[in-house]
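The values are calculated or read from the model by the stated rules, or taken from the named source; none is laboratory data. Computed from a predicted structure; not experimentally measured. Reconstructed Cβ throughout: ideal geometry from the backbone, glycine too, with neighbour counts over all protein chains shown.
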Amino acid sequence: MAPGTKRYLIIRCEKCGRLTLARSGSASRTCPSCGHRQRISTNPPIASSESPEEIRKILGALKSRGIGSGPSRHKDLRRGTQ
């Protein structure tokens, strides 16, 4: 990745489990679902891309499969468990 290139991230809210978009280089992100503010550096991304269009498509695909709908219905992609 070239210096200064922004990456778009998909992260999971630490509080409600929903997926949301964030930009690399940002210090924190507020979950649009529950309002929890979390540090991006301590929340490993589920996916990343340099293209905002591509990351939106990935997010849509994950949500259409029921991933990122909250803690009771999501599959943890980082650990490969339910």
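Of all the residues that make up the range 5-31, how many are buried (at least 18 other Cβ atoms within 10 Å of the Cβ) and among the charged types (D, E, K, R)?
So the answer is 3.
Got at least one residue in the range 47-54 being out of contact with any Leu (no Cβ under 8 Å at 6 or more places or on another chain), surrounded by fewer than 11 Cβ atoms within 10 Å (Cβ to Cβ) and either modelled with pLDDT of 95 or more or among the aliphatic types (A, V, I, L, M) (or both)?
Yes; the residues of the range 47-54 include at least one that is out of contact with any Leu (no Cβ under 8 Å at 6 or more places or on another chain), surrounded by fewer than 11 Cβ atoms within 10 Å (Cβ to Cβ) and either modelled with pLDDT of 95 or more or among the aliphatic types (A, V, I, L, M) (or both).
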